[in-house]
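Notes to accompany the following structure.
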Amino acid sequence: MKKLLAVSLLAVGAFSAQAQNVNITSKTSEVKIFSKTPVEDIEAVNKKARAIINPNSMDIAVRITNTDFDFPNNLMEEHFNEKYMESEKYPTSIFTGKINKKIDFTVAGTYEVEAVGKLNMHGVTKDKTLKGTIVVSESGVVLKCNFDVMLVDFNIERPSIVMAKIAEKIDIVTVFSFPLKK
């Protein structure tokens, strides 16, 4: 009987420890990139990116497959993947970091946060601090973040023939939705 009780307590303890460390994974996402120049505005959307947050440690990881961006026309998409991002060689862009504030995902509210970490894009890794908002509601968690990327920082070249059409700084807007399990 004592053995059964000890095994039961061990199992409950292991389950409780695991429950506290359960990651939440985004169900839907939208990552928009925007290049604004006097000659042309370019916008693309990726709705297949994924993010994971560990509510216990507040670690975050975001993975974007570069070929999942949809552009207004096929030529823009082809140039983005072949000439700029070199998506065959560098298929993903990844951010890993830590959110600076402990959030209780059981308490509804809006929280201003920063995530400090590393952004890897086009084979280059840079330190990056991203500011955003986490909104917790009955239906789940929404993480929103706006930031920009300088192409030169990630060795992304703009050929002189299209330099006037592509901005040096690309604006990025992200929205990730995480359902909460009840």
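Pairing residues of segment 137-155 that are modelled with pLDDT of 95 or more with residues that are surrounded by fewer than 20 Cβ atoms within 10 Å (Cβ to Cβ) and of a type in the set (Phe, Trp, Tyr), at Cβ distances under 7 Å and at least 6 apart in sequence or on separate chains, gives VAL141/PHE105.
Filtering segment 70-101 down to residues that are among the aromatic types (Phe, Trp, Tyr) and closer than 23 Å to GLY117 by Cα, which residue is nearest to the chain's Cα centre (by Cα)?
PHE95
Among the residues of segment 147-182, those that are surrounded by 14 or more Cβ atoms within 10 Å (Cβ to Cβ) and within 16 Å of the chain's Cα centre (by Cα) comprise PHE147, VAL149, ILE170, ASP171, ILE172, VAL173, THR174, VAL175, PHE176, SER177, PHE178.
Test ASP59 against the stated conditions and say whether it is of a type outside the set (S, T, N, Q), out of contact with any Asp or Glu (no Cβ under 9 Å at 6 or more places or on another chain) and free of Cβ contacts under 8 Å to residues at least 12 places away in the same chain. When the stated conditions are applied, ASP59 does not pass them.
Scanning segment 163-181 for residues that are assigned to a helix (DSSP H, G or I) and in contact (Cβ under 8 Å) with a residue 60 or more places away in the chain gives ALA164, LYS165.
If you go through segment 108-137 and pick out every residue that is assigned to a loop (DSSP other than H, G, I, E, B), surrounded by 12 or more Cβ atoms within 10 Å (Cβ to Cβ) and on the phi < 0 side of the Ramachandran plot, you end up with 0.
The values are calculated or read from the model by the stated rules, or taken from the named source; none is laboratory data. Because the structure is a prediction, the values reported are computed rather than measured. FYI the Cβ positions are ideal-geometry reconstructions off the backbone, even for glycines, and counts take in every protein chain you see.
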